[in-house]
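Take a look at the structure below.
Laboratory data are not the source of any read-out in this text; all were calculated from the coordinates shown. From a predicted model like this one, the values you see are computed outputs, not experimental measurements. Cβ coordinates were reconstructed from backbone atoms using ideal geometry, including for glycine residues, and neighbour counts include every protein chain displayed.
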Amino acid sequence: MSIVLADLETEPVGQQESAAGATWYAFRHNPMGLVALGLMLVLVLVGLGAPLIAHYPSGFTSDVLQSPSSLHWFGTDNLGRDIMAEVVWGTRISMTVGFCASLLAVTFGVLIGMLGAYFPRADTALGMVVDLSLSLPVLPLMILVAALAGPSLGTIILVISFFSWPEVARVVRSQALSVVNLPYMDAARVLGGRHRWILRRHLLPAVAPVITVTVVLTASRAVIAEAGLSFLGMGDPSSWSWGRILYESQQSGSMTSDWWTTLFPSAAILLLVVAATLIAIAYNDARNPRSRED
Amino acid sequence: MPPLAWYALRRVAHGLVTLWFAITITFLLLRLLPGDPATAIASTNMDATMRQELLTKYGLTESLPIQYGKYLVQLVQGNLGTSFSQSEPVSTVLMARLPWTLLLTGSALVVTVAIGIPLGVVAATHAKGALDRIVQVVGVVGQSLFVPSVGIFLLYILGLKLKWFPIGGAHDENVYGIAWYLNVGWHLVLPCASLALVSLGSYVLILRSTLIESLGEDFCVLARAKGTPERIVVWKHGLRNALLPTTTLLGLQLGFMVGGSVLTETIFAYPGVGRAIYESVIRLDFPVLQGAFVLLAATVVAANMITDLAYGLLDPRVRTA
């Protein structure tokens, strides 16, 4: 989104409508996209404002495994901790992991994808590495690495981004390939532009729209991956994430007896991923002039 | 050489390269990461001679290239090392569990395709209609599901509340003959359903868009112009051609499904490779973790190879590509 907004500030949308302006206009008039964007904003606000909404869940109380009530909206867990507080603080960690892992994976993936498309000689090797890593079962590999490096927030972020960049590189590469042979790229080369300049000023803007979508989608996949790792006990034991709530529920056995210990963190994960997917779909629709018309 | 044999050869070579890549990556990760298995089994506050003994026993004192060479030779012989916690060969531990994982992921794959194809066809033939919208919503939501959440939900409702299905394990004790097979199938329903539900979403969405594209192509227009009934245009002309790219993507999804099986098996205490991974994580049993990944990677590679070879047989375009 930030790219679109930045463009809007520099070129006012008026008589001659810019592509970014048209995209934003179409996006604003798509209720699905707006609702999804609103949902995402709410989740971000909950994550940022966690200390204002609930006390950090720690220690234990005697209100063990209470079902949802006006006192504990989402009920309490086996140690009497408020599940709503856990979900709220979990939003913060899960979204941090998603955002950081996505940022790292996208940076690296965009770099590799662009280099692959721009330098045909490097492409065969890079393409092969990407293809190979895409066809392997990633979760068992992530578990192995996380187990080796020891569970901490930093490890989780690094591990997830390390195994997410190939997907980004694949998408960016195919978009960049359709641009590298266009006349304006040749013109930039004829002008004597250095590779770095061409890559930054000519190729990067061409793949930017794809990057916007992949940032959102990669982040949502990272949240799922984090939840999976935490659910298997590979999460950071000192911070709350949605996966850890499920893990504790499974470990203590309340998973099979008290539905509220699993329903609310599950709903949070689903909400975030659906919102991210819908934003991506709405953005793609808005960007495509053909689907914009209907 | 006939094109089919050439194609098969290339495909097998590609599979072997993928497998080698998986093996090398695990080796490098295990040896180069800060918390290497040497420190895990032989911590530094151990008696120095005992530590040295342990390191020698697991061959961790030699130089990296030699370790790598030995590791490759062992793998070719089917030796995956010795489990830290069970003092048994990793291959023995895992091979007993592999059939269950194959059964689980295989059946989930079949269910995904069996439900996904009709749903995709309905959506594509009613493009932009109400049915299409419903299928799209189901697809997007399905794609966004978290495997353990689905598993827990099914287990709670169908297993605990309604008591229709067992909540864990792969079969009961003391059941033999045909009853055993039925018992296995009965235990399979919930884990298989959770895995299939999660992979169904993206499969339907992909099939839908490929089929819409394929139905707009010239050969479908021609078939319609000839007066071929729409049902045959869709199922025979359109779908058959849309299935190829979909199958390739299904291969990619297989890796994801195998990951999902780790989570599903954990929830349902299903005795597959995934459950072994979960148990080894708690005990920090690195040889088993490593062996499980290599084994699962080999499974995915083999499955992809078989699919591609089958497609080469069925579709002559693939052979020449």
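Summary table below
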quantity: Positive-end extreme of charge dipole, chain A - chosen from A:Ala280, A:Gly47, A:Phe162 (charges on Cβ); calculated: A:Phe162
quantity: Residue-averaged [θ]222 nm for chain B, counting only DSSP H segments that reach four residues, each worth -39500 (n - 2.57); calculated: -24500 deg cm²/dmol
quantity: Centroid-to-centroid separation of segment B:172-233 and segment A:50-80 [C-alpha atoms, Å]; calculated: 43
quantity: Fewest-first ranking of A:Ser58, A:Ser266, using other Cβ atoms within 10 Å as the exposure measure; calculated: A:Ser58, A:Ser266
quantity: Segment A:150-294: C-alpha gyration tensor shape, a/c 1.5 cut-off, then a/b vs b/c; calculated: oblate
quantity: Average projection area in nm² (convex hull over Cα atoms of segment B:226-321, one quarter of hull surface); calculated: 8.8
quantity: Segment A:12-120: C-alpha gyration tensor shape, a/c 1.5 cut-off, then a/b vs b/c; calculated: oblate
quantity: Selected from B:Ser194, B:Val175, B:Ala127, residue furthest toward positive end of dipole (chain B; charges at beta carbon); calculated: B:Ala127
quantity: Hits among lysines - C-alpha to C-alpha of B:Lys236 under 30 Å, sequence gap 8 or more where chains match; calculated: B:Lys128, B:Lys226
quantity: Spacing of the two label points (7 Å from each Cα toward its C-beta) at B:Arg317 and B:Glu279, in nm; calculated: 4.7
quantity: Förster radius 25 Å - calculated FRET efficiency between A:Leu34 and A:Ala208 (Cβ-Cβ, nearest 0.05); calculated: 0.70
quantity: Charge dipole (debye, nearest 20) of chain B; +1 at Cβ of Lys and Arg, -1 at Cβ of Asp and Glu; calculated: 860
quantity: Reachable lysines, given that their alpha-carbon falls under 21 Å from the alpha-carbon of B:Lys70 and they are not under 8 places away in the same chain; calculated: B:Lys57
quantity: For chain A, built as a Gaussian network whose Cα springs stay under 10 Å, the top-fluctuating residue of A:Gln251, A:Gln66, A:Gln175; calculated: A:Gln251
quantity: Pairwise FRET efficiency - B:Ala114 versus B:Trp180, Cβ, R0 = 25 Å, nearest 0.05; calculated: 0.55
quantity: Cα gyration tensor shape for the protein assembly as shown, rounded if a/c is under 1.5, else prolate or oblate; calculated: rounded
quantity: Spacing of the two label points (7 Å from each Cα toward its C-beta) at B:Ile66 and B:Trp235, in nm; calculated: 6.6
quantity: About the Cα centre, charge dipole magnitude for segment A:70-164 (Lys/Arg +1, Asp/Glu -1 at Cβ), debye; calculated: 160
quantity: Total charge dipole magnitude, segment B:210-290, about the Cα centre, Cβ charges on Lys, Arg, Asp, Glu only, Debye to nearest 20; calculated: 320
